[in-house]
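The values are calculated or read from the model by the stated rules, or taken from the named source; none is laboratory data. Source: prediction; values computed, not measured. When we count neighbours, we look across all protein chains shown, and the Cβ atoms used for this are built from the backbone with ideal geometry, even at glycine.
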Ligand code: PGA
């Protein structure tokens, strides 16, 4: 099973639902391949309830982009808890996106978010990735291992966790890693997960960073990849559909 997950970030108004309608219709008609992949779209909080209601039992799942690190209710102005996300009918959440890490989410905060999300039975897309400087220093794997270790505990149900490897230098830049380099990194992450968590679990890893209808042709050669987290190109139904089409071409 492959995953195509769209991350809208700070984009979208109620009328943007037509983008989802088009993607949903495409999937419905894609009989040759639609049993091989799952599609989720992560709109901002303002649209979650509306989209979740409209896309219940459809071909697209709706995913949250983040939650607060404390669960349930509390005096936290502007925040939304994993409990509230679950209660509007959602099952999926992105945690640890580098844009949020950059604006102050620490490893500790992220570990609390993961805990809160799992407690509410949400599936997590946990983002990891090295910065340009870390890549230059050749400490990519070390950074990724730390990000994973700080947030993912041995006792967790790994069926609920997808890891999204997103090199920070590739997000929104049009610059993508070399196929061989990316393939190596993905294999290293999988090896690390299996050794650290001492389980024969088939960990799923997505790639994110400038995935579009062109770069997907390169990425599809990497067998170890289980899917993609797509930012910019997920805001257009055509671009998003073309990514899926080109993947299965
Ligand atoms: P991008 O964003 O596809 O626009 O590079 C990916 C992401 O931030 O998840």
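Quick check on residue 231: is it crowded, with 18+ Cβ neighbours inside 10 Å and touching a strand residue (DSSP E or B) at 6+ places or on another chain (Cβ under 6 Å)? Yes.
Quick check on my filter: what residues within the range 172-184 are away from the ligand (no atom under 16 Å from the Cβ) and either more than 27 Å from residue 234 (Cβ to Cβ) or touching a helix residue (DSSP H, G or I) at 6+ places or on another chain (Cβ under 7 Å) (or both)? The answer is 179, and nothing else.
Within the range 212-249, the set of residues being within 16 Å of the ligand (Cβ to nearest atom), closer than 30 Å to residue 154 by Cβ and part of a loop (DSSP other than H, G, I, E, B) comprises 225, 226. Summed over the range 139-182, the residues that are over 18 Å from the mean Cα position of the chain (by Cα), over 15 Å from residue 128 (Cβ atoms) and surrounded by 17 or more Cβ atoms within 10 Å (Cβ to Cβ) give a count of 0.
Are any of the residues in the range 125-133 away from the ligand (no atom under 16 Å from the Cβ), within 24 Å of residue 232 (Cα to Cα), in a helix (DSSP H, G or I) and over 16 Å from the mean Cα position of the chain (by Cα)? Yes, the range 125-133 contains at least one residue that is away from the ligand (no atom under 16 Å from the Cβ), within 24 Å of residue 232 (Cα to Cα), in a helix (DSSP H, G or I) and over 16 Å from the mean Cα position of the chain (by Cα).
Among the residues of the range 107-120, those that are away from the ligand (no atom under 16 Å from the Cβ) and farther than 12 Å from residue 71 by Cβ comprise 107, 108, 109, 111. Got at least one residue in the range 197-211 being outside any helix (DSSP H, G or I), buried (at least 20 other Cβ atoms within 10 Å of the Cβ), free of Cβ contacts under 8 Å to residues at least 40 places away in the same chain and within 16 Å of the ligand (Cβ to nearest atom)? Yes.
Any chance the range 201-215 includes a residue that's more than 26 Å from residue 8 (Cα to Cα) and at pLDDT below 95?
Yes; the residues of the range 201-215 include at least one that is more than 26 Å from residue 8 (Cα to Cα) and at pLDDT below 95.
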